[in-house]
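Participant: Sharing a structure with you now.
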Amino acid sequence: MHERQAPSPNAFLRQRRPERFSDSVVVESPSLNRSILEYHLDTITNRGEENLFEDFARRLAEREICPNLLPHTGPTGGGDSKVDSETYPVSDTLALGWYCGIGRAAAEERWAFAFSAKKDWRAKVRSDVAKIAGTGRGYTTAFFVTNQFVPDKARASIEDKLHKQYGIDIRILDRTWICDRVFGHQHEKLAVEALHISTTVQRDVRRGPLDTQREQDLDEAERRFQAALSEGGPPIQLVDESLTAATLARDLERPRTDVDGRFLRAVRVAKEHGTPHQVLESIYQYAWTTLFWYEDYGQFVALYEEAEGLAKDSRNARDLERLTTLWMALKATIDGGALDASSARLAQHTKTLTESLTRLSKEHDRPSTALQARTFLLQTRLLLTAPGRADAVLRELTDVVRKAEGLVGFPLEPLAEIISELGHVFGESAAYDTLFETVVETTSRRTGGIAAARALLSRGAQQLDAGKSYATIKTLGRALRRLYTHESRADLVRALYLCGNAYERVGLLWAARGTLLVAASVATNDFWSDERVSLAQRVCYNRVKWIELRLGRLPQLLAWHELDSAVASALAARGFDPKRTSRGEGAFDATLGILFLKSDLFTLRRLTRLPDVLDGLELYNSAAALLYALGREDAIPKEFIEAATSRLRKKGLMEPVPVVFD
């Protein structure tokens, strides 16, 4: 009886998550093959198509070496410039956006290119390099691209001799290199078009619905990334768009050079502009792609170690969850025989992970985080334990499930899915049966309670719209205790927000403030775990600053306004309607200005330095009102007074300022 062979990482993920891969179907393969291309390259001079070869070689070099090449405009053979092409300087900001080629060094160094179809390539390369060195332009690297076959030994010997003679790094790229790049990186269409090959590349791709949407999303992500790069958009948004483009290209199953280039760009952008979590997320996604899309085990191990260095000291459970997931993939790959445990340093990585999870599991002042860390620790122990000896670990997992009830920061659904899958291994264990039944009961209570709570939430919203504030408070109070779960946190934020509005309407401002602070805290959890801003965060921050304004707490309202403005800008950069995200800001600015105008002299004496702060927060109306109250009318910008006077003349009277609290 043959032992059943475990599927490869790529086959495993395709079976489990087919929606993560391209759903397009290639109906017909390209008719261009390697032998046709090699013959066409070998007979270039017979047809007098040297110029076509130079154009093709330059365009191929732009895709495989560096994109900043000047097109050849002079006569054949290098013309007056003595080179067939060369790099031109590119700003570091623009080079940051590159995802093809061999790196950003070409943006600041001067590289020369020579293209030749002559059979005597040895004499030609010596002649061309001598001309390049003779220009005295300071070229650091020279590439010689030929249509001839070049033996490896001869190439290395000539490259070394020319480097020693002229002090320039020489690279000879021959017909083998050209064919490898064309067929390995899917440049067949480029070869057909540039070389005028009579055969055509007929690739009839039937685009699937997922890929159709992904193509649109990829184009939009690239557009937003390039716009943010040129306009100096929010750094967090810049990193998010770059990583989004990389994952979409991966899911579309674009050529690996394209996908690798985008992931390398995402990591580069994250390191230069992002947060530590964004750097880790970029490396995590790249490692996951390297293993499950390309099965490049060596690269996966290298990326694992880089991710480990970033995550091991983190206090964010999400970071250690990422590291735990990579560890499980590493362990499965070793168990499948694709990697050696010793060379992959599994024992050392296991020790590092368990120490990090143990540390985080002891932070009892953060119960959700501590329980998540304990969960990940138990999962690693389960993989290291023989099925017949896992009862103790399964009992601990049962305790985790029971303690998860009532913790809004603990995601139970992913754990429930994992426990369900464990039935294939531990299904004969009584401890597993107890664990499974506990998950079923806990999930049923959570989902059933959530359904009832959502009905109460809907009713509470209706009562608030009808002006029945006390009834709203009572109804939402019944809903809140059932919504303290990770799966219903969005509903919890909405319920708290509506309850805070109800408190505000009946004049209980401090109760409204406390309720809205809890809503803002729950909404902000998405940022602490994934560094993601949301409309719910903006709505809560905006409401809190209005409450602080009504309470007259100036430092607090300015702090909340600054946070509110930052989130609004981030949302606008993500494509949200700026008018929607800035709605009510004019009223807030005007209302704050009215309070300054109504302030007594004792208060005003303490605010003499505040106008500059208000200007920095773009509260221009408030700043002007405060300057007027301080008797500094001369400091109010002239254009501001003219605009206000013009509006008053058109109206014929002072228009009341609308104060909006809903």
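Participant: Roughly speaking, to the nearest percent, how much of the chain's 1.4 Å accessible area is carbon and sulfur?
Facilitator: 52
Participant: Also: Based on the alpha carbons, how large is the Rg to Rh ratio for the chain when Rh follows Kirkwood?
Facilitator: Computed over Cα atoms, the ratio is 1.06.
Participant: Place a +1 charge on the Cβ of each Lys and Arg in the stretch 330-377 and a -1 charge on the Cβ of each Asp and Glu, then give the dipole magnitude about the Cα centre in debye, rounded to the nearest 20.
Facilitator: Its charge dipole is roughly 120 debye.
Participant: Then there is this: With each pseudo-label sitting 7 Å past Cα toward Cβ, what's the residue 535-residue 127 distance in nm, one decimal?
Facilitator: Between residue 535 and residue 127, the simple spin-label model gives 6.8 nm.
Participant: So, one more: A 22 angstrom limit on the alpha carbon distance is what I want to check against. Which of 124/189; 312/362; 271/545; 119/189; 312/351 exceed it?
Facilitator: Working: 124/189 29 Å; 312/362 15 Å; 271/545 34 Å; 119/189 26 Å; 312/351 11 Å.
Where the Cα-Cα span goes over 22 Å, the pairs concerned are 124/189; 271/545; 119/189.
Participant: Enumerate the calculated ³J(HN,Hα) couplings along the stretch 85-97 in order (Karplus 6.51 cos²θ - 1.76 cosθ + 1.60, θ = phi - 60°), each rounded to whole Hz, writing x wherever the residue is Gly or Pro.
Facilitator: Along the stretch 85-97, the couplings run 6, 7, 7, 10, x, 10, 4, 4, 5, 5, 5, 4, x Hz.
Participant: Would you mind putting 52-58, 145-151, 583-589 in packing order, based on average other-beta-carbon counts within 10 Å, highest first?
Facilitator: Going from most to least packed, we get 52-58, 145-151, 583-589.
Participant: What does the accessible area per residue of the stretch 251-333 come to in Å², with a 1.4 Å probe and no ligands, DNA or RNA counted?
Facilitator: 33
Participant: OK, next. Suppose accessible area is computed on protein heavy atoms with a 1.4 Å probe; arrange 292, 527 from highest to lowest.
Facilitator: Sorted descending by solvent-accessible area, the residues read 527, 292.
Participant: Hey, if you put +1 on the Cβ of every Lys and Arg and -1 on every Asp and Glu Cβ in the chain, which of 631, 121, 301 ends up farthest toward the positive end of that dipole?
Facilitator: Checked the options; the winner is 631.
Participant: I've got another one for you. Can you put 342, 420 in order of accessible area, largest first, using a 1.4 Å probe?
Facilitator: 342, 420
Participant: Taking 51 Å as R0, compute the FRET efficiency from the Cβ-Cβ separation of residue 451 and residue 94 and round it to 0.05. Don't skip to the end; give the middle numbers.
Facilitator: Details: r = 53 Å, r/R0 = 1.03.
Using R0 = 51 Å, I get an efficiency of 0.45.
Participant: Top to bottom by accessible area (1.4 Å), largest first, where do 602, 115, 576 land?
Facilitator: 602, 576, 115
Participant: To continue, here is another question. Evaluate E = 1/(1 + (r/R0)^6) for residue 332 and residue 264, where r is the Cβ-Cβ distance and R0 equals 22 Å; express this FRET efficiency to the nearest 0.05.
Facilitator: Efficiency, from the Cβ-Cβ distance: 0.30.
Participant: Right, next: Looking at the chain, what % of its DSSP beta bridges pair antiparallel, to the nearest 5?
Facilitator: DSSP beta bridges in the chain are roughly 30 percent antiparallel.
Participant: How far, in nm, would the chain grow between residue 553 and residue 392 when pulled straight, counting 0.36 nm per residue and subtracting the alpha carbon separation? Please list the in-between numbers first.
Facilitator: On the way: separation 161, 0.36 × 161 = 57.96 nm, distance 5.41 nm.
Working it through step by step, the gained length comes to 52.5 nm.
Participant: Once you place label points 7 Å from the Cα toward the Cβ at residue 385 and residue 363, how far apart are they in nm?
Facilitator: 2.5
Participant: Accessible area of residue 474, 1.4 Å probe, to the nearest 10 Å²?
Facilitator: 150
Participant: Separate question: Roughly how far apart, in whole Å, are the Cα centres of the stretch 364-389 and the stretch 35-52?
Facilitator: Each part reduced to its Cα centre gives a spacing of 63 Å.
Participant: Give the relative contact order (percent, whole number) for the chain; include only Cα pairs under 8 Å separated by 6+ residues. Don't jump to the answer; show the numbers that get you there.
Facilitator: Numbers: 810 pairs, mean separation 54.2, N = 662.
For the chain, the relative contact order is 8 percent.
Participant: Now, a different point. I'd like the accessible area for residue 365, computed on protein heavy atoms only with a 1.4 Å probe and all protein chains in place. Round to 10 Å², please.
Facilitator: Around 120 Å² of this residue is reachable by solvent.
Participant: Further question on the same structure: Using a Förster radius of 60 Å, what is the FRET efficiency between residue 585 and residue 189 based on their Cβ-Cβ separation? Nearest 0.05, please.
Facilitator: Efficiency, from the Cβ-Cβ distance: 0.75.
Participant: Report the gain in length on full extension from residue 14 to residue 525: 0.36 nm times residue separation, minus Cα-Cα distance, nm rounded to one decimal. Kindly include the intermediate steps, with their values, before the conclusion.
Facilitator: On the way: separation 511, 0.36 × 511 = 183.96 nm, distance 3.20 nm.
Full-extension gain reported as 180.8 nm.
Participant: While we're looking at this one, here's another question. Just subtract the alpha-carbon distance of residue 313 and residue 36 from 0.36 nm times their residue separation and send over the number in nm, one decimal.
Facilitator: Full extension of this stretch gives 94.1 nm more.
The values are calculated or read from the model by the stated rules, or taken from the named source; none is laboratory data. Quantities reported herein were computed from a predicted structural model and do not represent experimental measurements. Counting neighbours? That spans all protein chains shown, and the Cβs are built from the backbone with ideal geometry, glycine included. For the accessible areas, the whole protein counts, side chains as well, though only heavy atoms, and no ligand, DNA or RNA atoms are used. Shrake-Rupley method; radii C 1.70, N 1.55, O 1.52, S 1.80 Å.
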